[in-house]
Amino acid sequence: EGDRADFVEALAVSRGRIERLTAFMRALAEVVRVPEPRLAPSDPNALARSVLLLLGPLAEKAGVTLALEADPVLPPVPLDAALFEQALFNVVKNGVEAAGAGGRVLVRTTAAQRGALEVVDSGPGIPPEVASELFTPFFTTKPDGQGVGLTFVREVLSSHGFAFSLAGGPGGPTRFEIRF
């Protein structure tokens, strides 16, 4: 009974904190919410070329070589070009950052088995303790990272119904594959 006032106050403070955290998390969830894709036949090769062109200056500054191996018989794929291009931008940018000076990032498309796009970087790979966390919202290994890039990528690819995988043990290379 002597601690009742302190206990009631502590509960009120805790309850207020939980309510503020809940509101904060709802607001953050809105940031990561991806609009429904507007599907239209699109050329993954052209989108890959566009992303490499956009990231060319960043790669050059980092001393990373960008390359594209585009399968000329890959047919158009029904996708939201704006969403897919941004997701691909995030994946290739991560590859450039991972590859580092003297490294290489290759974007490869193939028409085999309904088509696929792969991003391979020559970086050091993914430590096992990090691999399971990569698509977790707000998880980052970058000092200035926010941890939303791969969450966005996952949401975009899932909303399109595309299968994807990210693999690359210690020592590299790291491969991000998207199957259409």
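Numbers at a glance
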item	result
The range 138-163: number of residues that are open to solvent by less than 60 Å² (accessible area, probe 1.4 Å), within 30 Å of Phe24 (Cα to Cα) and either at pLDDT 95 or above or in contact with a helix residue (DSSP H, G or I) (Cβ under 8 Å, 6 or more places away or on another chain) (or both)	10
Residues within the range 164-180 that are over 11 Å from Gly95 (Cβ atoms) and touching a residue at least 60 places away in the same chain (Cβ under 8 Å), tallied	4
Total residues in the range 26-50, condition open to solvent by less than 100 Å² (accessible area, probe 1.4 Å) and modelled with pLDDT under 95	6
Test: Leu53 is of a type in the set (A, V, I, L, M, F, W, C), surrounded by 14 or more Cβ atoms within 10 Å (Cβ to Cβ) and within 26 Å of Glu155 (Cβ to Cβ)	no
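Table: residues versus (1) open to solvent by 10 Å² or more (accessible area, probe 1.4 Å); (2) within 18 Å of the chain's Cα centre (by Cα); (3) within 26 Å of Ser42 (Cβ to Cβ).
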| residue | (1), (2), (3) |
| --- | --- |
| Ala67 | yes, no, yes |
| Gly103 | no, no, no |
| Leu106 | yes, yes, yes |
| Ala111 | yes, no, yes |
| Arg114 | yes, no, yes |
| Ser132 | yes, yes, no |
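The values are calculated or read from the model by the stated rules, or taken from the named source; none is laboratory data. Owing to the predicted nature of the structure, the values given are computational and were not obtained by experimental measurement. Cβ atoms come from the backbone with ideal geometry, glycine included; neighbour counts cover every protein chain shown. Areas reflect the complete protein model, heavy atoms only, side chains present, ligands, DNA and RNA absent. Shrake-Rupley method; radii C 1.70, N 1.55, O 1.52, S 1.80 Å.
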